[in-house]
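Working notes, beginning with the structure itself.
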Amino acid sequence: MVGNKNVKKVTTVQFYSIENQLIYQEEVRNQKINVNRLKTLRCLKKGLDPALIAWNLEKQAIYNKNWMAVNLKQ
């Protein structure tokens, strides 16, 4: 997760493979993400599953499919 002190309401969520290849990247706006909360970790896992499936099929990075934002709003 990447945050920017100048733009506080935007967090970039990135998932990488073991080989350090970018699997998925998404910008989440207007939501606080606290990785210490169990609910947040579950939401990230829900977003990781379709990202891994798509990456295994295409073998290229996927950007901004809103898989994280949808799960975090619930």
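Quick notes
- Of everything listed in (1) of a type outside the set (Gly, Ala, Ser); (2) open to solvent by 100 Å² or more (accessible area, probe 1.4 Å); (3) within 11 Å of the chain's Cα centre (by Cα), the single unmet condition for residue 24 is (2).
- Count - residues of the stretch 31-71 that are in contact with a strand residue (DSSP E or B) (Cβ under 6 Å, 6 or more places away or on another chain) and open to solvent by 80 Å² or more (accessible area, probe 1.4 Å): 2
- Residue match in the stretch 21-37 (condition: part of a helix (DSSP H, G or I) and within 16 Å of residue 2 (Cα to Cα)): no
The values are calculated or read from the model by the stated rules, or taken from the named source; none is laboratory data. Just so we're clear, the structure is a prediction, and the values are computed from it rather than from any experiment. Cβ: placed from backbone, ideal geometry, glycine included. Neighbour counts: every protein chain shown. Accessible surface areas use protein heavy atoms only, side chains included; no ligands, DNA or RNA. Shrake-Rupley method; radii C 1.70, N 1.55, O 1.52, S 1.80 Å.
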